[in-house]
1. With label points built 7 Å along Cα→Cβ from the Cα atoms of ASP40 and LEU16, find their separation and express it in nm.
2. Quick check: from the Cα gyration tensor, does the chain come out rounded (a/c under 1.5), prolate or oblate?
3. How far apart, in nm, are the 7 Å Cα→Cβ label points at GLN25 and ILE8?
4. Tell me, in nm to one decimal, what length is gained between LYS52 and ASP81 on full extension, where the rule is 0.36 nm per residue of separation less the Cα-Cα distance?
5. Listed highest first by mean packing, meaning other Cβ atoms within 10 Å per residue, what order do 75-86, 19-30 come in?
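The numbers here are math on the coordinates, done by the rules we state, and not lab data. All values reported here derive from a predicted model rather than from experimental measurement. Using ideal geometry, Cβ is built from the backbone for each residue, glycine included, and neighbour counts are taken over all protein chains shown.
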Amino acid sequence: MRAIITVIGKDTVGILAKVSSKCAQYNANVIEVTQSILQDLFCMIMLVDLSKLNEPFAELADAMTQLGKEENLSIHTMHEDIFNCMHHI
């Protein structure tokens, strides 16, 4: 099981560290990361492995949403199955 985490917001120091630390707190292993800075806008997509989560997926997703609110970022966490269904032709 995997999930896709997207992060968008004003570029500041430590965004990657804060999001990856939250993943570690839930034992979600970061598999791949891509990020870009578009002028002063930070954009990141993470692929995380959920196979060893220590809490339900919904709690991880809620924690990421809350982190986004605290850091003035838009953070969305989507299970890979939902992502694949949305992008299936």
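1. About 2.2 nm, to one decimal.
2. It is oblate, given that a/c is not under 1.5 and a/b is not larger than b/c.
3. 2.4
4. Result: 8.7 nm gained on full extension.
5. 19-30, 75-86
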